[in-house]
Amino acid sequence: MKPLLTICWLLRCSNRFSVKPSPPVSFSTSSYVCGKKKKNSYETVDQVKYSRLVRSVLSRGPVQTPESLFKEDDVLYGPVSKCKVPEQEPQARAPRHWFPIFNEERAMKPHTGGSSSPLKIPLQRNMIPSVTRILQQTMPPEQSFFLERWKQRMVLELGEDGFAQYTSNVFLQGRQFHEALESILSPQENLKGGEEHPQHGYIKSIQHILKDISGVQALESAVQHEALKYAGLLDCVAEYQGKLCVIDWKTSEKPKPFIQNTYDNPLQVVAYMGAVNHDAHYSFQVQCGLIVVAYKDGSPAHPHFMDEELCSKYWVKWLLRLEEYTEKQKNQSIPKPA
């Protein structure tokens with residue numbers, strides 16, 4: 001024991017070793033564990049890269065507008081790709097008074113016996129409205145707008161007198177074209193003039209169509225629908241590629257490769273079809289239609305064939321236009337209160 005005490009005394013004297021009392025230890029029931037303070041997550045953010053964003057958020061300058069925010073989005077994410085929302089098709093209307101376009105009591109083919117000359121029934125001027133008048137009076141607003149805008153543009157280019165002369169020339173060309181077709185399709189007549197004919201370009205345009213035309217039954221002939229009370233003058237009833245059709249010949253300065261480009265012409269065709277099928281002057285029934293658009297420069301005409309299904313769809317539209325016209329006439333006939 002004595003040697004041990006001697007060693008401890010020597011160590012104290014040399015100041016190389018000291019024994020200090022340990023601090024008191026305290027105990028706690030808390031779940032907190034003493035350790036190194038955690039680093040703030042915001043300290044890891046690249047301050048240089050996002051300094052502009054931080055300044056815009058913390059600054060007390062003017063508030064950003066939607067336009068400035070859209071510009072920032074364009075810089076950060078690129079321009080917005082706008083997708084047009086598909087338009088919902090309006091619910092199809094149905095005529096209040098239905099009348100069929102086809103006549104079940106009529107034969108499908110015309111009688112081959114008798115005279116070979118096509119029918120040419122003259123149009124009687126009476127109080128019954130014409131197909132052309134009904135379509136003009138019930139023209140959709142959009143179609144009427146574009147027609148009026150076209151007229152205004154032509155008046156600006158040609159002047160009032162120039163536009164009147166232009167319109168007169170268009171009607172004259174149409175009448176001469178129909179007269180030339182009547183000469184070509186009538187068995188007793190032949191087209192005279194050849195290349196010197198004023199409508200040579202239009203005639204050349206339809207040459208590939210005429211090769212498929214046969215069995216002409218009517219030319220420039222009047223029709224009247226007794227039940228629906230309308231009348232008109234059709235261009236031609238003949239077989240096109242073996243199918244009996246009401247044929248409507250049109251001229252145009254612009255190409256019309258699709259039937260939608262012909263506007264109300266399909267309605268005109270089905271109106272004549274329905275009248276033919278219920279007119280006592282005609283013993284046959286027509287189930288198809290054909291619109292031929294000829295061009296003055298002689299380029300190939302565009303034929304728009306209308307089969308039975310397509311004609312039935314346009315017939316519904318024609319009945320709606322006919323009802324609209326009738327309703328307008330009733331409203332105009334009602335006397336206004338004084």
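The values are calculated or read from the model by the stated rules, or taken from the named source; none is laboratory data. What you are looking at is a predicted structure, and each value in this text was computed from that prediction instead of being measured. Here the Cβ positions follow ideal geometry from the backbone for every residue, glycine too, while neighbour counts run over all protein chains shown. Keep in mind that these areas ignore ligands, DNA and RNA; they rest on the heavy atoms of the full protein, side chains included. Shrake-Rupley method; radii C 1.70, N 1.55, O 1.52, S 1.80 Å.
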Checklist line | Members of the stretch 219-245 that are farther than 14 Å from G289 by Cα, open to solvent by less than 40 Å² (accessible area, probe 1.4 Å), in contact with a strand residue (DSSP E or B) (Cβ under 9 Å, 6 or more places away or on another chain) and not aromatic (F, W, Y) | finding: L219, S221, A222, V223, H225, A231, G232
Checklist line | Among (1) of a type outside the set (D, E, K, R); (2) open to solvent by 30 Å² or more (accessible area, probe 1.4 Å); (3) at pLDDT below 95 - the single one H302 does not satisfy | finding: (3)
Next item on the list: Just name the residue that is surrounded by the fewest Cβ atoms within 10 Å (Cβ to Cβ) out of those in the stretch 246-293 that are free of Cβ contacts under 8 Å to residues at least 40 places away in the same chain and assigned to a helix (DSSP H, G or I).
Entry: Q260
Next item on the list: Specify the residue that is nearest to the chain's Cα centre (by Cα); the eligible residues are those in the stretch 147-184 that are exposed (fewer than 13 other Cβ atoms within 10 Å of the Cβ) and within 19 Å of D297 (Cβ to Cβ).
Entry: V170
Note to self: So if I check each of Y263, Y240, which one is at pLDDT below 95 and within 29 Å of the chain's Cα centre (by Cα)?
What the structure shows: Y263
Notebook entry, point to check: Consider S117 against the criteria (1) out of contact with any strand residue (DSSP E or B) (no Cβ under 8 Å at 6 or more places or on another chain); (2) open to solvent by 90 Å² or more (accessible area, probe 1.4 Å); (3) part of a loop (DSSP other than H, G, I, E, B): it satisfies all of them except one. Which criterion is unmet?
Noted result: (2)
Item checked: From the options E195, E189, E142, E104, residue that is charged (D, E, K, R), farther than 22 Å from A222 by Cβ and modelled with pLDDT under 85 -> E195
Check: Could you list, in sequence order, the residues of the stretch 220-245 that are part of a strand (DSSP E or B) and under 20 Å from F305 (Cβ atoms)?
Finding: L234, D235, C236, V237, A238, E239, Y240, K243, L244, C245
